[in-house]
1. Surrounded by 14 or more Cβ atoms within 10 Å (Cβ to Cβ) and of a type outside the set (A, V, I, L, M): is that true of Thr55 in this structure?
2. Check region 23-35 and report whether any residue there is farther than 14 Å from Cys92 by Cα and surrounded by 12 or more Cβ atoms within 10 Å (Cβ to Cβ).
3. If I go through region 61-83 residue by residue, how many of them are more than 12 Å from Trp29 (Cβ to Cβ), at pLDDT 90 or above and touching a helix residue (DSSP H, G or I) at 6+ places or on another chain (Cβ under 8 Å)?
4. Out of region 21-43, which residues are at pLDDT 95 or above, in a loop (DSSP other than H, G, I, E, B) and in contact with a Leu (Cβ under 9 Å, 6 or more places away or on another chain)?
5. Asp58 is checked against (1) touching a Ser or Thr at 6+ places or on another chain (Cβ under 8 Å); (2) at pLDDT below 95 and fails just one. What number does that condition carry?
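The values are calculated or read from the model by the stated rules, or taken from the named source; none is laboratory data. On a predicted model such as this, the values are computed, not experimentally measured, just so you know. Cβ: placed from backbone, ideal geometry, glycine included. Neighbour counts: every protein chain shown.
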Amino acid sequence: MTREEIERDYKVVGGIIRSPGKFEGEPIWAPYFWEALLNGEADTDEGGVATFTVTKEDVAQFADIYGGTEIGDLSVGEVVVLECCDNGFVYCWVR
């Protein structure tokens, strides 16, 4: 899923998804990593928690939101953690 697709499908304010649903309140890149999980691209996937090592392609996809916004900086080599709870909501953060 590209940034353009996310911005088309969700209301995004300040890099945070504001549309009701499973990604509400999460960074714009949460659906991007969720799709990567569904495609089997996670580094680890155990017990509803998946991790991804951030690549330069990931940063390039969302480059303009990674510097100094309320969702913080994201750099190549950092680890993104994605968790899906029992009620279907997805939580995503940088570890």
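1. No.
2. no
3. So the answer is 0.
4. Ala42
5. The failed condition is (1).
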